[in-house]
Amino acid sequence: MADTYTPPVYGTGVKATIQRLGGHLAGMIMPNIGAFIAWGLITALFIPTGWLPNEQLAKMVGPIITTLLPVLIAYTGGRMVHGQRGAVVGAVAVMGVIVGSDIPMFLGAMIIGPLTALILKYVDKFTEQRTKAGFEMLVDNFTAGIVGGAMAVAGMWAIGPVVREITETAGDAVGWLISHSLLPLASVLVEPAKVLFLNNAINHGVLGPLGVTEALKDGKSILFMLESNPGPGLGLLLAYLMFGPRGLRPSTAPAMIIHFFGGIHEIYFPYVLMKPRLILAVIAGGAAGVFTFMVTGAGLVATPSPGSIFAYLAVTPKGGWFGVILGIVVATAVTFAVAAVLLGFGRGEKEEPAPEPAGTAAEPEPSAAPVAHDHDHDPEQDDREPRARSVSKEA
């Protein structure tokens, strides 16, 4: 299923392994991109800082991102491994991860969905040769229920805490960089963490509180801009629009609208997962944007929520427009340039001319064949000469 969204990967090296892993991750996300867009539209429209604030409709935002989207991801991942049975047990197992955590468990869903389906696949292989006729449905239902329930418990007690630990570790690393004035290097951790859907945890769990403290003191803070800059995502999507796989180019235009104007950065994460090497492009763009913010003294008075260009401008202090806009433009340009190089400027996506049928190139047209005989040659001469020789022999 992942091959639908990424080109086939051959080989067994480290590069091929990373590409194959990225293909599987994209295979879990891309079929559900419509759900992400629906959530993005609801978020951009109805949250308190949205276009049409509505407290009642905004209640859908939380359950969709914390429950529906992880369930869809785990369901799709399980289906990739073991068909419909794998999809069902994957959706059951992910509930343990969801209930046991207070953050969006996209990464946990990507782990537990395929893992549960893989376990059920081996269980089915073990039981299919040992199940007597007439008991197949009973055994299948009970094995699926047992595996799904057991993995839900394991997700709550084991996988969920591990994912939370990863999230906290990433946040601590970003905090260390901030405390040592190495803000551009923070993109080395922030951008990969964002692609793994840890953006909200880093932004609201680490950068937000630190930024509030700094803003109270200085009236603005650059920390609000480390994760929320829409420039890297816009540059990446522009590169996909011009040089990406032809089948994905039509989807990048609406994705850019949702991302840049709606502030829903999750919309571009699957595009990075499809080609993991593009993480270098968003890291470069993010670092360039942060460096520009530092040089120009840019900062925001609050966290832009969501991270759209409108939210950025809304929380920009008076007189700070130039640095904010320049940082976004620089991040977009750098990401686009690096991504274009990594995509080979679309050379691998050009349509190749249809090959000629075998044998036609080497064989000339019958009418164009050269005549080796003299122009006065009589075609009937070959028939008369053998006849004349035979008459002379009889004589």
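Hey, does region 287-302 have a residue that's outside any loop (DSSP other than H, G, I, E, B) and touching a strand residue (DSSP E or B) at 6+ places or on another chain (Cβ under 9 Å)? First the steps, then the outcome.
Going residue by residue through region 287-302, those that are outside any loop (DSSP other than H, G, I, E, B) are 287-296, 300.
With touching a strand residue (DSSP E or B) at 6+ places or on another chain (Cβ under 9 Å) added as a condition, the list becomes 300.
Checked region 287-302: at least one residue is outside any loop (DSSP other than H, G, I, E, B) and touching a strand residue (DSSP E or B) at 6+ places or on another chain (Cβ under 9 Å).
Return only the number of the condition from (1) open to solvent by 10 Å² or more (accessible area, probe 1.4 Å); (2) modelled with pLDDT under 90 that Tyr271 does not satisfy.
Going through (1) open to solvent by 10 Å² or more (accessible area, probe 1.4 Å); (2) modelled with pLDDT under 90 one by one, Tyr271 breaks only (1).
For region 76-88, which positions are open to solvent by less than 20 Å² (accessible area, probe 1.4 Å) and either without any contact (Cβ under 8 Å) to a residue 24 or more places away in the chain or closer than 29 Å to Glu168 by Cβ (or both)?
Residues of region 76-88 that are open to solvent by less than 20 Å² (accessible area, probe 1.4 Å), as a first pass: 76-78, 86-87.
The answer is Thr76, Gly77, Gly78.
Might you check whether a residue that is within 16 Å of Gly262 (Cβ to Cβ), at pLDDT 80 or above and open to solvent by 50 Å² or more (accessible area, probe 1.4 Å) occurs anywhere in region 65-74?
So far as region 65-74 goes, no, none of its residues is within 16 Å of Gly262 (Cβ to Cβ), at pLDDT 80 or above and open to solvent by 50 Å² or more (accessible area, probe 1.4 Å).
Of all residues in region 289-310, how many are closer than 17 Å to Leu183 by Cβ and open to solvent by 20 Å² or more (accessible area, probe 1.4 Å)?
6
Pairs needed: first member in region 252-266, farther than 14 Å from Tyr240 by Cα; second member anywhere, open to solvent by 30 Å² or more (accessible area, probe 1.4 Å) and of a type outside the set (A, V, I, L, M); C-beta distance under 8 Å; at least 6 residues apart or different chains.
Phe261/Phe310; Gly263/Ser305; Gly263/Phe310
Which members of region 311-349 meet the condition of being modelled with pLDDT under 90, surrounded by fewer than 18 Cβ atoms within 10 Å (Cβ to Cβ) and under 19 Å from Leu238 (Cβ atoms)?
Gly344, Phe345, Gly346, Arg347, Gly348, Glu349
Restricting to region 108-121, give me the number of residues that are open to solvent by less than 30 Å² (accessible area, probe 1.4 Å) and within 11 Å of Pro70 (Cα to Cα).
Residues flagged as open to solvent by less than 30 Å² (accessible area, probe 1.4 Å) and within 11 Å of Pro70 (Cα to Cα) within region 108-121 amount to 5.
Take Ser187 and tell me if it is at pLDDT below 85 and of a type in the set (Ser, Thr, Tyr).
Values: at pLDDT below 85: no; of a type in the set (Ser, Thr, Tyr): yes.
No; evaluated as a whole, the condition is false for this residue.
The values are calculated or read from the model by the stated rules, or taken from the named source; none is laboratory data. This structure is a prediction, so every number in the text was calculated from the model and none was measured. Reconstructed Cβ throughout: ideal geometry from the backbone, glycine too, with neighbour counts over all protein chains shown. Ligands, DNA and RNA are stripped out before the accessible areas are found, and what is left, the full protein with its side chains, is counted by its heavy atoms. Shrake-Rupley method; radii C 1.70, N 1.55, O 1.52, S 1.80 Å.
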